[in-house]
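S.K.: First, the structure itself, so that you have it in front of you.
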């Protein structure tokens, strides 16, 4: 079975977590920014890079490591074992409430749009695809330790 190393970013602003859907592929479910860890980078660098590339948000800051796991992705239709690292990333400033951004081709054309929105951590989150929400309890603990509102 193929293996991949992936980094995930739980981006928070105030008491909210940034989530997205694929408007052209609703079956992909609700997700957080994530991507493959390149050979020359560590997982923390990959999480911040992917968060910036996928969201287009400026002023993102790595706030801490939340945990790691290994997940067999066959239940999602992929013959792959993923080694996954989860990070807390904060968004400074005043981000939009929702927006579309995503993957671009080399000429700058949007080819895979992501529909971003904020979900309240205190009201409960929608179910995320492929156990992307496994480290939300650690995120909430991290926010409590930093005296940030989460519930």
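Every number here is computed from the coordinates shown, using simple stated rules; none is lab data. Owing to the predicted nature of the structure, the values given are computational and were not obtained by experimental measurement. In this analysis, Cβ positions are derived from the backbone assuming ideal geometry, glycine residues included, and neighbour counts consider all displayed protein chains.
S.K.: Given an 8 Å cut-off on Cα distances and at least 6 residues of separation, report the relative contact order of the chain as a percent.
M.R.: So the answer I get is 30 percent.
S.K.: Let me ask something additional. Considering the alpha-carbon set of region 78-140 alone, what are its Rg and its Dmax in angstrom?
M.R.: That works out to 14.9, 40 Å for Rg and Dmax.
S.K.: Out of all DSSP beta bridges with both ends in the chain, state the antiparallel percent to the nearest 5.
M.R.: DSSP beta bridges in the chain are roughly 75 percent antiparallel.
S.K.: What percentages make up the Cα-Cα pair-distance distribution of region 32-151 when the bins are 10 Å wide from 0?
M.R.: 11, 39, 40, 10, 0
S.K.: What is the distance in Å between the Cα centroid of region 14-43 and that of region 71-111?
M.R.: 2
S.K.: Could you give the length gained by full extension between residue 123 and residue 78, i.e. 0.36 nm per residue of separation minus their alpha carbon distance, to one decimal place?
M.R.: 13.0 nm
S.K.: For a protection proxy built on the mean count of beta-carbon atoms within 10 angstrom, sort 38-47, 127-136, 86-95 highest first, please.
M.R.: 86-95, 127-136, 38-47
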